[in-house]
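Novice: Below is one structure. I have some questions about it.
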Amino acid sequence: MVPIDLSGKIALVTGVGDNEGFAWFIAKTLQAAGCRLIFACHPRVYTIVESILTREQDAESRILPYGAGMLHVEKLVACDVRFDTMQDVDEQTRNDRRYQRFGDYSIQGLIDLISREYGALDILIHSVAFSPEIRKIQLETSRQAYLTALSVSAYSLTGLLQRAWPLMKDRPDGASAVALTYLGGERVVPHYGGGMSAAKAALQIDARQLAQNLGKYNIRVNLISAGPYASRAARAIGDINQMIEYAAQRSPLPRAIRPEEVAHAVLFLCSPLASAITGQILYVDCGYNVMGV
Ligand SMILES: NC(=O)c1ccc[n+]([C@@H]2O[C@H](COP(=O)([O-])OP(=O)(O)OC[C@H]3O[C@@H](n4cnc5c(N)ncnc54)[C@H](O)[C@@H]3O)[C@@H](O)[C@H]2O)c1
């Protein structure tokens, strides 16, 4: 038997917003393999995530796969990835009551906390994306929404790794960062608007640049390009069920993907089995990306 044993490895999972998104399934699978978990979530969904992690009615969603017990998250940290440091926070956000209960909700604050309390980081999962104009086609996208999409969905990977790499440097078995991308960053998916397609294209080359920058520290950076899945963010696109059905009909494996399948691929990329794999995009899309028609 080939074991995937990540016992004791420290994993930061960003982009946890509920128990349906990819981040949730990724976290559960990493923990089933032995990881200790730190969650980072948008300050506005902190209370929701906190209650999903504790309340009885969500207990079933906390069951780990492979009979590995129940999900246990050591730290839940509020972090808005628009802000590298608290100096970057705009007036409106500063005055937003939903943010005021958190001291430092910047990327720097998140990484400082991990540095103080853990002193190391083995795995970083980037599962964050947002555009305020996701429903607008490229032609109608405003500059502001475009830049927000790039800032939140692409630059944040750089902002996180810029600060986290010293904690990830030369870890036993090496460290691994995995981000989620989508085919809409490479091909035209008309409804993937509001700058999101540009953000995914940027994320893809950024991940490759970062793989080169960080390889000397034995930090690997890879991407999963997932097929369409009806998460909260994807439902905001509007026609996600149509996209899922369309892809399912045309994929070599003629069905929709399951979030667990994305989580399995992430686990592989974070494991020593992928020790020579960096700067890659692994498509978890039932093969849809190979099709010409
Ligand atoms: N669902 C799909 O069809 C699909 C396909 C391919 C790739 N992806 C990617 O997977 C990743 C996860 O998305 P998902 O589909 O699981 O949806 P999701 O809604 O569960 O995850 C997106 C997360 O981003 C967080 N977020 C948004 N703005 C933020 C900010 N400023 N600071 C911190 N967090 C912020 C949200 O709170 C949410 O938790 C995204 O990168 C998405 O683009 C999704």
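Novice: Just want the ordering: CYS79, CYS286, CYS35, from fewest to most Cβ atoms lying within 10 Å of their own Cβ.
Specialist: By the 10 Å Cβ count, ascending: CYS286, CYS35, CYS79.
Novice: Divide by every residue of the chain the summed helix terms, -39500 (n - 2.57) for each DSSP H run of at least 4, and state the resulting mean residue ellipticity at 222 nm, rounded to the nearest 500 deg cm²/dmol.
Specialist: -10000 deg cm²/dmol
Novice: Another question, then. Within 10 Å of each residue's Cβ, count the other Cβ atoms and sort ILE240, ILE52 from fewest upward.
Specialist: With the fewest neighbours first, ILE240, ILE52 line up as ILE240, ILE52.
Novice: Where both partners of a DSSP beta bridge lie in the range 10-285, what percent of those bridges are antiparallel, to the nearest 5?
Specialist: So the antiparallel bridges in the range 10-285 amount to around 5 percent.
Novice: Another question about this same structure. Spelling out what I want: for every residue of the range 142-153, take phi, set θ = phi - 60°, compute 6.51 cos²θ - 1.76 cosθ + 1.60 (Karplus), and round to whole Hz; glycine and proline get x.
Specialist: Result, ordered by residue: 7, 4, 5, 5, 4, 5, 5, 4, 5, 5, 6, 8 Hz.
Novice: Ok, one more. Taking amide H positions as placed in the peptide plane 1.01 Å from N, state which residues far from THR181 in sequence (5 or more) or on other chains have amide H under 5 Å from it.
Specialist: ILE224, SER225, ALA226
Novice: Another question, if that's okay. Taking the alpha-carbon set of the range 148-258, what are its Rg and Dmax in Å?
Specialist: 15.9, 45
Novice: Calculate one ³J(HN,Hα) per residue across the range 202-214 by plugging θ = phi - 60° into the Karplus curve 6.51 cos²θ - 1.76 cosθ + 1.60, and present them in order as whole Hz with x for glycine and proline.
Specialist: Going residue by residue, I get 5, 4, 5, 6, 4, 4, 6, 4, 5, 4, 5, 5, 9 Hz, with x marking Gly and Pro.
Novice: Let me ask something else about it. Only Cα pairs under 8 Å and at least 6 apart count here; give the relative contact order of the range 10-285 as a rounded whole percent.
Specialist: Relative contact order here is 19 percent.
Novice: Going by amide H atoms built from the backbone, whose H comes under 5 Å of the H on SER176, apart from near neighbours?
Specialist: Here ILE123, LEU124, ARG220 satisfy the definition.
Novice: In which sequence would SER151, SER176 go, from the one with the fewest C-beta neighbours within 10 Å to the one with the most?
Specialist: Starting with the residue having the fewest Cβ neighbours, the order is SER151, SER176.
Novice: Also, I was wondering about something else. Could you work out the relative contact order of the range 77-179? I mean the mean sequence separation of Cα pairs under 8 Å and 6+ apart, divided by the number of residues, in percent.
Specialist: 33 percent
Novice: So if I average 1/r over every pair of distinct C-alpha atoms in the range 92-157 and take the inverse, what Kirkwood radius in Å does that give?
Specialist: Its Kirkwood hydrodynamic radius stands at 14.4 Å.
Novice: In addition: Provide the net charge surrounding ASP170, with neighbours chosen by a C-beta distance below 15 Å and charges set as Lys +1, Arg +1, Asp -1, Glu -1.
Specialist: +3
Novice: Further, regarding this structure: Two decimals is fine: what is log10 I(q)/I(0) at q = 0.07, 0.12 Å⁻¹ for the chain, from a Debye sum with one equal scatterer on every Cα and no solvent?
Specialist: Summing over Cα pairs of the chain leads to -0.24, -0.75.
Novice: If you bin the C-alpha pair distances of the range 107-192 every 5 Å from 0, what whole percents do you get?
Specialist: So the P(r) values, bin by bin, are 3, 13, 19, 20, 14, 10, 9, 7, 4, 0.
Novice: Rounded to whole Å and sorted largest first, what semi-axes of the equivalent ellipsoid does the C-alpha gyration tensor of the range 1-107 yield via the square root of 5 times each eigenvalue?
Specialist: Working through the eigenvalues yields semi-axes of 29, 16, 9 Å.
Novice: Starting at the first residue of the range 93-106, write each ³J(HN,Hα) from the Karplus equation 6.51 cos²θ - 1.76 cosθ + 1.60 with θ = phi - 60°, in whole Hz, x for Gly and Pro.
Specialist: These are the phi-based 3J(HN,Hα) values: 5, 4, 8, 6, 4, 5, 9, 5, 6, 9, x, 10, 10, 8 Hz.
Coordinate-derived values only; no laboratory data. If you're wondering where the values come from, they're calculated on a predicted model, not measured in any experiment. Glycine gets a Cβ as well: all are built from the backbone with ideal geometry, and neighbour counts include every protein chain shown.
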